[in-house]
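The values are calculated or read from the model by the stated rules, or taken from the named source; none is laboratory data. Just so it is clear, the model here is predicted, and its values are computed rather than measured. Don't worry about glycine lacking a Cβ; one is built from the backbone with ideal geometry, like all the others, and counts go over all protein chains shown. Side chains included, ligands, DNA and RNA excluded: accessible areas come from the protein's heavy atoms. Shrake-Rupley method; radii C 1.70, N 1.55, O 1.52, S 1.80 Å.
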Amino acid sequence: MDIVSPAINDYLLAHSEPADEVLRDLAEETHRELGGAAGMQISHDEGELLTMLVRLVGARTAVEVGTFTGYSSICIARGLPDDGHLLCCDVSEDYTSVARRYWERAGVADRIELRLAPAVETLRGLPTERHLDFAFIDADKAGYPAYYEEIVTRMRPGGLVVLDNMLRDGRVLDPQSDDDRAIAAMNAALLADERVDVVLLPVRDGVSLARVR
Ligand SMILES: C[S@@+](CC[C@H](N)C(=O)[O-])C[C@H]1O[C@@H](n2cnc3c(N)ncnc32)[C@H](O)[C@@H]1O
């Protein structure tokens with residue numbers, strides 16, 4: 001299902017801040033070297049949204065679950081101040097070796113820390129106080145409830161948790177797989193969670209914003 005028509009998607013991209021050379025090269029290399037897996041990369045308009053949200057929140061401390069070749073992490077890091085910190089969680093040395101190269105090119109390597117381990121282990125090892133301002137969840141769908149729970153308890157009041165692929169190409173209306181069911185359940189859980197205010201946006205495959213009260 002096209003949540004937004006391809007023509008409107010093109011128009012959205014044409015009327016949002018354009019990708020610079022680093023992001024264009026990263027998207028091109030990811031598609032050239034990884035083929036179908038490149039579909040995991042966020043779109044540029046979603047990346048611009050992440051940068052803007054990080055700035056609007058005034059975030060200094062951020063976490064990302066699911067880094068892949070680095071597109072979203074660069075967009076988040078660019079929204080942080082020079083002394084900001086982004087913790088990236090992934091399990092793939094191969095994918096994130098590409099990200100490391102592009103972090104250097106983008107000039108944000110000094111504010112990014114990568115931990116290669118199952119994300120739930122990394123998150124459980126973080127300090128338990130409320131120290132996070134911004135989080136982006138974009139990894140294995142079955143893991144979302146655990147990632148969200150570990151993150152939301154560590155968010156500062158006013159912090160923002162952003163979750164990707166919350167429409168599953170429209171299949172949340174009629175879930176076809178365990179991953180679809182996990183996301184449909186996550187949407188219901190977010191709405192019922194009194195710790196956050198939530199809005200689900202039709203950006204690409206659906207982006208949920210959960211602002212911590
Ligand atoms: C959809 S991609 C992330 C795309 C990325 N946000 C971007 O903008 O290009 C999902 C990533 O989650 C990682 N991943 C899958 N299972 C994971 C787990 N249990 N813990 C941490 N990362 C995981 C994969 O290696 C992959 O790089």
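Accessible surface ranking for Ile112, Ile3, 1.4 angstrom probe, highest first: Ile3, Ile112. With contacts taken as Cα pairs under 8 Å and at least 6 residues apart, the stretch 27-107 reaches a relative contact order of 29 percent. Here the Karplus relation 6.51 cos²θ - 1.76 cosθ + 1.60, evaluated at θ = phi - 60°, turns the backbone of the stretch 76-86 into coupling constants of 5, 4, 5, x, 7, x, 4, 9, x, 9, 10 Hz, with x for every Gly and Pro. Look at the Cα gyration tensor of the chain: its axes a ≥ b ≥ c give a/c under 1.5, and that counts as rounded. Computed from point charges on the beta carbon alone (+1 for Lys and Arg, -1 for Asp and Glu), the dipole magnitude for the stretch 1-125 about its Cα centre is near 360 Debye. For the stretch 108-113, the Karplus equation 6.51 cos²θ - 1.76 cosθ + 1.60, evaluated at θ = phi - 60°, returns couplings of 10, 4, 6, 10, 10, 10 Hz by residue, with Gly and Pro reported as x.
Karplus-derived 3J(HN,Hα) values for the stretch 38-49, using 6.51 cos²θ - 1.76 cosθ + 1.60 with θ = phi - 60°, are 4, x, 6, 5, 5, 7, 5, 5, 5, x, 5, 4 Hz; glycine and proline are entered as x. If you sort Tyr11, Tyr144, Tyr95 by accessible surface, 1.4 Å probe, largest first, the order is Tyr11, Tyr95, Tyr144. Where a ≥ b ≥ c are the square roots of the eigenvalues of the C-alpha gyration tensor, would you call the stretch 1-101 rounded, which needs a/c under 1.5, or, failing that, prolate if a/b is larger than b/c, or oblate? Here the stretch 1-101 falls in the oblate category. Computed over protein heavy atoms with a 1.4 angstrom probe, the accessible surface ordering of Leu163, Leu13, largest first, is Leu13, Leu163.
Think of it as helices only: each DSSP H run of n ≥ 4 in the chain is worth -39500 (n - 2.57), and spread over all residues that comes to -13000 deg cm²/dmol at 222 nm. When the GluC sites (Glu not before Pro) in the stretch 129-174 are filtered for DSSP coil states and for at most 11 other beta-carbon atoms within 10 Å of their beta-carbon, the remaining sites are Glu129. Taking all protein chains as shown and a probe of 1.4 angstrom, Leu201 keeps an accessible surface of around 50 Å². Here the relative contact order of the chain, from alpha carbon pairs under 8 Å that lie six or more residues apart, stands at 18 percent.
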